[in-house]
Structures are given as structure tokens and as C-alpha cells.
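These notes concern the structure reproduced below.
Rule-based calculations on the coordinates, nothing more; no lab input. If you're wondering where the values come from, they're calculated on a predicted model, not measured in any experiment. So basically every Cβ, Gly included, is an ideal-geometry build from the backbone, and we count neighbours across all protein chains shown.
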Amino acid sequence: MTDYRSYFRDQTICALITPPGTGGVAIVRVSGKLSKNVVQKVFSKDPHAQISHTVSYGKMYSSLDRSLIDEGLCVYMQSPHSFTGEDVIELQFHGGNFIAKKILESLIHAGAEAAYPGEFSFRAYRNGKIDLIQAQGIQEMIAARSEKSLKAAQAHLEGKLSKHLALVKKELLELAAILEAWVDFPEEGLEFMSFDDMLLKLETQKNSLQKLVDSFKTGQLIFEGATICLVGEPNVGKSSLMNALLGKARAIVTPIAGTTRDVIEEDLKLYDLVIRLKDTAGIRDTDEVIEKEGIFLSLKALKDADLVLFIKDASLAFTQKEKEILSQIDPSKAIFIANKMDQGIVNETFDFQQYYVSAKFDQGLEELKQVIYAKLVDTTLIGKEDQIITDERQKNTLIQVIEKLDRVILSLKQDISCEFVVIDLKEALKTLSELVGLDVTEDVLTSLFSKFCVGK
């Protein structure tokens, strides 16, 4: 891992900020105090004479031997009006690994240093252009795989979550100031706020933070996707259902029991969610070595899945083996499906709701998709004004703040001296500040920015 302290260097840095490979255009970014001096040795026109936020056309030369590399554009952004808050220059040229390599070599020879992963974003954070939540929003936008994940990432980058937390912090700061006044001037009988009103405000802000913590599971589903495992006995139509949900023939389908021997995986785009579908080997008693291994993997996939689709044959009664499989499934994270409804339906009484489909004739599939989606995501949680958290660090930090606010509330109810209550409230405020990057530890910064790609 890159040494954390190296991110605080003052050297001018450079990196390719477009994906490596062949393309129409490639862009190299240079950031730092000496950006213009460095680029001057590579570009045919003097960047010192260029007006900020304008584009200049020219040729790009090797700083080693002045040989021509390419021709293209130079975009100059003067400090502090740039992404990093420093002087930034971007060179745009024909896309190609070799050209980009030559230009980067020339910039480094001219005095720049290669950027570390996420170093441009780190400098933006260090210079007050973004906070840590916004920095994570950048990474989330790059990794977004659906409309919903993109919108959530945009909200983080725009600072909506940061502003929400700032309002919470403002309320808590006001309460801390009142408590301190009671500590410093007890004889004055100051009454800025009633005891009940203070408790109500503390509970309100605590509940606001708890709502964010509760949104974490949904945030994880939105950004990382969910894993769905199809399980059941052989020949109930698991592979057929997988193919029908995918809209393509991904799994082999035959009348022969035990055709699927391994766990077959494929991504499914379900509305605005990305889902990893896993078709598993039919679970039955067998002495066949390969099939036994497939069944072992099926049972493991069942336990690891976010959601289980248990599938049976609608035209047949429940078997003893199916009852054994059901005993291993958590009903709260399962959907029970009776496939092959086109062949008839056996009337049975169940303790759970069963959805009837025909994978062969696409019957009941649209309703099933809606049921799957609703099971995975509480859609009421993601309204236009609601905020969600997506990161383990965010969740754990908020939990710490809530625990400290609980101590504050309990102390007030037990009439503990205000000076001790103030200490706990200030600790909660300090932890809340860490969430957006104030008083944050070196380990947190290292962990966060080193996960970024080079060039961001």
C-alpha cells in the first residue's frame, strides 16, 4: 500500500486520467505549483501565456530529445479554480498506450512525479474542494452499474449527505453550547431551553442518524448488487427459470436429472438493480462423486446468498427431500416458486406464499421479478429527499455517534452533572466530524484514497 505520508508531498504530479488502451482521445493531467513549468518543456506553446480555462492547440515533444510525439490540446485551469485547487493542466492527444507512455515519460523527465492512486482526489480533499464523503462519491460514480447507484453517487458528490450531516452537527453544537453555559454559570439560572426540549432535539438528531445507518443495507444492494441463488431438486426447472429471467440461454437445459453439476453465475439487470444469479446443482441423494461436489457447492451458495429462490415442480406434491431443503432456508430471505404450472397444479396447503410460474412459456415471470425486487429493496427508503450510506466506514462511524448520543440522553435523564454530559456530547461531535474528514486518522485516509484508480 502507498505510504500515507507521501500523499502530502508538494511535488507536481501527473497521470493518465483516461482508461489505458487504444481510443480516440487520451488525456494526461498535471497538477501542482510547477505545472506550467513542466508542461512548457513538453508543449509547443508556453502555458504561462495561456488564460485560465482556455484551450490551446499545439505539438507535444519529448523533453529528453525534443522529438515530436503527437499534436493536440492543452487545457489550463489556474489555482484555486480547478479540481485539485492547484494549477492544473490537461493534455489531450490521440488515444494509444505508446503515445501516452511517451508523454508521461516526458513530463516526469521535465520535473513532474507519477501520481499515486487517488492523489488528485486527495489534493482536492486536502485543499478543501471536497470532503471525504464527496471523495467517496467520485469513486462510487466511476463504479456505478445502474441508474439508482449513479443517482446516489451523484447525491454524495454534490454534497447532499454532507449538508445533512452538517445540519445535525449544527443542532448538536447548539445543545453543547447550552450545556456548557449551564456548567459555567450555574448560579445565573440560565434557561435557554427546557429539559424536555433538549431531550427531544437529541432524540430527533439520533433518529436522523439511525435512519442513515438503516439505509446501509439498501446502499450496499444498490452499489454492489445482490446475490440470488436458485435451489431445489433436480428437474424442477431451475436452469430454465434462470434462462427465462436472463432472457437468454445461459444454462444447459435437458430432461436428464443432474445436468447442472456446478454453480453457474450470470449478471441480471432487474429494473435499476444489478443481481448475480446463481443456478445450482439439483439437491438429491447421490453416490456420483462429481454430482456430490456440485450439491455441496449448492448448499454453500444457498447460505451465502442475499436471496434464495426455492423452486419445485407445481404439478407434483412436496417430496421429503424438498422438505429437508426447506429446513435449511431462512424464510425471511426466500421466495418460494412453483414452476411448470403449464403442466398442472397440485393443491397443497403451505405456511408460506408460493408464486406459480412457467419458465418454458414465460408465465408469471413479470410478477416474479417485481416480487424479487420488492424483497431485495425497500423502495420507500430511497425517495428523492432521502439519503443513503454505502460504505462500512460511514455506517460504523454513525453507530459510534449514536452510541455516544445514547449516553448523553441517559445521563440527562439520570440527572448526571452537565460537565460529564458535555464531554460525551463533544465526543459525539468529534466522531461526526471524522465522517466528513475533519480530525480523521491517517489510516482512514490511506485506506480510502489508495483504493482509487491512478488518475483520479
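Remark: 227, 397 ranked as 227, 397, counting other beta-carbon atoms within 10 Å and listing the fewest first. Other residues within the sphere of radius under 10 Å centred on the Cβ of residue 240, judged by their own Cβ, net out at +2 (K and R +1, D and E -1). Packing here is the average count of other Cβ atoms within 10 Å per residue, and on that basis the peptides 319-330, 120-131, highest first, run 120-131, 319-330. Put in order of Cβ neighbour count within 10 Å, fewest first, the listed residues 178, 103 become 178, 103. With a cut-off of 12 Å between beta carbons, the residues surrounding residue 62 carry a summed charge of +2, where Lys and Arg count +1 and Asp and Glu -1.
Give me the number: length gained by fully extending residue 194 to residue 373, i.e. 0.36 nm times residue separation minus the C-alpha to C-alpha distance, one decimal in nm.
On the way: separation 179, 0.36 × 179 = 64.44 nm, distance 4.61 nm.
Answer, rounded to one decimal: 59.8 nm.
The slack between residue 224 and residue 46, meaning 0.36 nm per residue of separation minus the straight C-alpha distance, is 59.5 nm. Taking 0.36 nm per residue of separation and subtracting the Cα-Cα distance, full extension of the segment from residue 94 to residue 333 would add 81.0 nm.
In this simple spin-label approximation, residue 413 and residue 170 carry label points 7 Å from Cα along the Cα→Cβ vector, and these lie 2.9 nm apart.
Taking the number of other C-beta atoms within 10 Å as the exposure measure, put 141, 242, 77 in order starting with the fewest. Working shown, then result.
Numbers: 141 16, 242 28, 77 20.
Ordered from fewest to most neighbouring Cβ atoms within 10 Å, 141, 242, 77 come out as 141, 77, 242.
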